[in-house]
Structure formats: structure tokens, C-alpha cells
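Okay, so here's the structure we're looking at.
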Amino acid sequence: MKTRAVRLYGAGDIRLEEFALPDIGREEILVRVMTDSICMSTYKFYKQGQAHKRCPPDVGRNPVVIGHEFSGDILRVGERWQNEFSPGQKFALQPQLDYERCPYTPGYSYPYFGGDCTYAVLPAEVMERGNLLAYEGESYFEASLGEPVSCVMAGYRVNHHADPARNHGRRPGSKAGGCVLIEGGCGPMGLMATEYPLALEEKPRLVVVTDIDPARLARAKRVIPPGRAAQKGIELHYLNPRETQDLYGTLLSLSGGRGYDDVFVYAPKEELVELGDRLLAPDGCLNFFAGPLDSSFSARLNLYNCHYAGTHFVGVSGSTTQDLRDAIDLAAAGKIRPAVMVTHVGGLDAVVDTVGRLPDIPGGKKLIYTQIEMPLVALDDFEKRGEEQPLFARLAQSCKNHEGLWNAQAEKLLLEHFGVAAAEEV
């Protein structure tokens with residue numbers, strides 16, 4: 001079988017190509033990839049090439065398929081796994097293999113396995129680690145977004161606070177009834193970090209989100225309005241630091257003068273880390289979520305408060321398979337809306353340009369439908385394009401019917417328009 005895939009040959013060198021896949025062995029599974037949401041980590045991989053820790057040293061001779069936030073259909077199952085998986089099942093995938101004697105990761109390391117392709121061969125280690133999950137949801141895109149959603153959930157879960165019994169124990173998770181600050185929070189991951197607390201059983205009482213981009217702030221207010229949060233018992237505020245005269249004083253006042261129990265930094269900026277540190281309440285936890293390109297990135301932190309007020313710091317990269325299970329279950333139950341992250345859709349032919357320009361393309365997640373060819377289009381541009389192209393008029397109406405968000409009906413319209421067959425017909 002042939003596949004079309006975007007592969008990396010080295011730093012700044014990715015190419016859309018067609019090549020033959022090997023026949024699967026008894027311990028492998030053949031899948032059809034349907035969606036991949038492009039991650040900023042893929043852009044970093046594109047920029048670093050062989051310098052990236054997950055990139056094989058011989059990538060120039062044996063290029064690797066990029067993309068790690070993907071979903072699709074199981075087509076053929078090797079003998080070893082036939083009691084666990086069946087052709088025709090949708091799947092979600094946890095790319096964090098953490099596999100003994102196998103430092104590689106889909107989207108960074110494999111020649112036949114990644115998200116930006118039409119068909120892929122899953123090696124045995126994926127199933128051995130339990131990282132392939134059957135998915136029962138309606139849409140492919142929500143399964144694809146399960147990976148970034150699970151990373152946001154992991155961020156909340158690795159935060160911790162002192163046990164009130166003062167026995168040196170720690171309670172995992174954000175503080176119930178506490179104050180949350182999300183800095184640089186109107187990008188796709190920050191939006192999910194704003195949406196996720198609404199689904200928590202033990203919710204914070206206050207969430208404050210900052211961002212310097214007026215367009216991103218406006219969209220955040222539209223898709224996660226303060227009124228929606230208020231219905232869940234959460235006070236939600238959005239702030240633009242460039243339009244706030246005394247940012248520190250304003251943020252401190254919103255917290256009631258005590259500071260923030262949980263601070264998430266979603267942009268690798270020294271000033272954000274230091275401001276978050278200053279705003280930590282006693283026993284507050286600062287989570288540095290944003291992965292920098294600079295391996296020497298650092299910031300000044302107040303260790304006096306670390307000693308006397310018990311402030312502490314964590315970082316997170318990736319998630320567990322249980323996080324992913326929980327993420328797709330919450331989405332399937334309608335308790336969270338991964339679609340708040342999506343601002344653009346396109347086809348496989350749009351990947352090379354999109355990855356290369358990712359930091360300069362405004363908005364949130366760029367969602368790729370790998371079985372079609374279509375330029376990357378912003379959801380906000382659907383209506384204008386619909387004046388000449390009926391497909392986009394239908395997509396625009398579907399999004400209007402779903403709070404302005406990408407949705408399962410729109411996905412179905414898109415795939416039907418391009419004649420993408422159902423799994424059982426492949």
C-alpha cells in the first residue's frame with residue numbers, strides 16, 4: 001500500500017511525498033489517518049531537525065513522518081492484537097511511549113508512523129504500552145484533539161498543594177475554591193486550560209486569563225464568555241497586559257489581595273514567569289507549561305517565598321494514557337469542548353507551508369484532514385469564501401449552529417464533499 005506523508009529530512013526540510021508502506025507483521029497494525037492537529041512542538045522539531053532529542057541521527061537518509069496529534073480508522077490488525085482491536089474501529093493515540101529501550105516518539109522518530117500521512121503502520125510498542133485506544137465518539141477531530149487536551153489536564157494534575165493535616169503530604173491538582181492565573185492564555189492550549197476548570201468537580205472560584213493579542217482575547221471572550229463560567233460557579237476575567245496600567249496591582253486585587261494558588265505560564269517569556277512568581281499565594285504552585293526552544297531559558301524566582309511561604313514550581317510536557325482516556329471521555333460526554341482550540345482547517349497539502357509559518361499564522365489549532373487536498377482556511381473566512389464556493393457556505397452555517405465552533409456536522413460535510421469513504425469501504 002502507498003501512503004502520502006509529510007516527512008522531515010533535517011532542520012527546515014519537510015516534504016510531502018508518496019511512498020510504499022511495508023506489509024504489516026503479526027505485531028503491527030495498519031491505520032488510515034483522518035485528522036492531525038498541528039502542534040507548536042512540531043514547529044520546534046521542524047526548526048531543530050537532528051538537534052531535537054527525539055530525532056534519529058540518520059534522518060537525512062531515513063526521513064520521519066511528522067505530526068503526533070492524530071486519529072483515524074484501524075484497517076488491518078496483526079495476529080497478536082486481533083483479540084483487542086478490529087478493522088473499522090476509530091482510534092485515538094497517546095504518542096508518549098516512554099518505552100523501555102525505545103526513546104522514539106511518533107511524529108518525530110518513525111519512517112512509517114506519524115500524524116501527517118494518509119496511512120501508517122503502528123509498531124508493536126504502541127500496543128504493548130496501551131497507547132492505542134479504541135474511540136467511540138462521533139468525530140475524528142475530537143479524538144485528534146484528545147492529545148493536546150490531555151496535556152492540559154496533565155498540567156492541572158501535576159500541580160499540588162500541601163495537605164491540610166501538615167504531614168508533609170501533597171494533594172495533587174489545582175486548589176479547590178482557589179484562584180487560577182493563566183498567562184499567555186488565549187492560544188489553543190491556554191483556551192483549553194480556561195475551558196477545563198469548568199468540568200472539574202472541585203472547581204476554582206476565580207480564573208484570570210491574560211494575553212497581549214487583542215484578536216485572540218476577543219475570540220476567547222466569545223467562545224468561553226464569563227457568563228458561561230459563571231453558570232459553573234467560576235468568576236472569569238480576561239486582561240490585556242498592554243492595556244492594563246498596573247498589571248501586578250490589578251491581578252493581585254482580582255485575587256482579593258492574597259495571590260494565586262495556581263499559575264500557568266503558557267508562553268516562554270521570562271517576564272511572565274517572574275510575574276507569576278510574584279503573584280503566588282502561600283503554598284501556590286507555578287506551572288511552566290510553555291516549552292522553550294532555548295535550552296538555557298531561565299528566570300529569576302523568589303526563593304525567600306519558596307522557603308517561608310511554601311511556593312513551588314513544576315513543569316509538564318506530555319501526558320499519560322489515562323489522561324488521554326479521560327480527555328476523550330469528557331469530550332464524548334460533552335463536558336468539555338475541544339473545538340474551542342480550532343481556528344483553521346486544511347488538507348494534507350497545506351501541512352508543509354503551515355508548519356513552516358506556524359508562529360506567524362494567527363489563531364488557535366490548525367486542524368488537518370489528511371485524506372483531502374485543501375488550502376488552510378480560517379473558520380472566520382468561511383462565510384466570505386461561501387459567496388463563491390457552496391461548500392464553505394455550508395461549513396459557515398454549521399459553525400454558526402455550534403457556537404461558532406468546528407463540529408462533527410462540519411467534519412461530515414467536509415469529508416462527504418471530498419468523497420472520503422467510510423472505514424469499511426477502504
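Of note:
- FRET efficiency for the Phe19 to Ala134 pair, using the beta carbon distance and R₀ = 35 Å, is estimated at 0.80.
- With 10 Å bins beginning at zero, the pair-distance distribution over Cα atoms of the range 131-214 amounts to 15, 40, 30, 14, 2 %.
- For Val64, residues with placed amide H under 5 Å, excluding near neighbours: Leu8
- Probe 1.4 Å - accessible area at Ile372, Å² to nearest ten: 10 Å²
- With a Förster radius of 41 Å applied to the beta-carbon distance between Glu125 and Ala333, the computed FRET efficiency rounds to 0.85.
- Along the range 72-83 the Karplus relation, 6.51 cos²θ - 1.76 cosθ + 1.60 evaluated at θ = phi - 60°, assigns HN-Hα couplings of x, 10, 7, 9, 9, 10, x, 3, 4, 10, 5, 8 Hz to successive residues, with x for each Gly and Pro.
- Of Ile14, Ile24, Ile74, the one that fluctuates the most in a GNM where the chain has Cα springs shorter than 10 Å: Ile24
- If both residues of a DSSP beta bridge must be in the range 257-396, then about 10% of such bridges are antiparallel.
- Take the Cα of Lys412, step 7 Å toward its Cβ, do the same at Lys53, and the gap between the two points is 4.4 nm.
- A Cβ-based charge dipole, computed about the Cα centre of the chain with Lys and Arg at +1 and Asp and Glu at -1, lands at about 740 debye.
- The chain gives an Rg/Rh value of 0.97, both radii derived from C-alpha positions and Rh following Kirkwood.
- ³J(HN,Hα), Karplus 6.51/-1.76/1.60, whole Hz, each residue of the range 146-152, x for Gly, Pro: x, 5, x, 4, 5, 5, 4
- Projected label distance in nm at Leu200 and Arg222, using a 7 Å step from Cα toward the beta-carbon: 2.8 nm
- Ordering Ile14, Tyr266, Gly364 by the projection of their Cα atoms onto the charge dipole of the chain, which places +1 on the Cβ of Lys and Arg and -1 on the Cβ of Asp and Glu, puts Tyr266 at the extreme positive end.
- DSSP-defined beta bridges in the range 146-272 - what % are antiparallel, rounded to 5: 20 percent
- Amide hydrogen proximity for Gly310: with H placed 1.01 Å from N in the peptide plane, the residues at 5 or more positions away or on another chain lying under 5 Å are Asp283.
- At a probe radius of 1.4 angstrom, the accessible area of the chain per residue rounds to 44 square angstrom.
- Annotation for Gln82 and Ala11: the two label points, set 7 Å from Cα along the Cα-Cβ direction, are 4.8 nm apart.
- Note on Leu247/Asp163: beta-carbon distance plugged into 1/(1 + (r/R0)^6) with R0 of 22 Å gives a FRET efficiency of 0.10.
- Pairs beyond 32 Å (Cα-Cα), from Lys44/Lys203; Lys384/Lys412; Lys269/Lys384; Lys2/Lys53; Lys203/Lys384; Lys2/Lys400: Lys44/Lys203; Lys269/Lys384; Lys203/Lys384; Lys2/Lys400
- DSSP bridge pairs, the chain: antiparallel proportion in percent, nearest 5: 60 percent
- Across the range 162-225, Cα pairs under 8 Å and at least six residues apart give a relative contact order of 34 percent.
- Taking the 1.4 Å solvent-accessible surface of the range 259-387 as the whole, the part contributed by carbon and sulfur is 49%.
- Residue of Asn287, Asn302, Asn167 that the Gaussian network model of the chain assigns the largest fluctuation, springs spanning Cα pairs under 10 Å: Asn167
- Among Asp58, Asp349, Asp163, the largest mean-square fluctuation in a Gaussian network model of the chain (Cα springs under 10 Å) belongs to Asp163.
The values are calculated or read from the model by the stated rules, or taken from the named source; none is laboratory data. Since the structure is predicted, the reported quantities are computational estimates derived from the model, not experimental observations. Ideal geometry is used to build each Cβ from the backbone, glycine not excepted, and the neighbour counts take in all protein chains shown. Side chains included, ligands, DNA and RNA excluded: accessible areas come from the protein's heavy atoms. Shrake-Rupley method; radii C 1.70, N 1.55, O 1.52, S 1.80 Å.
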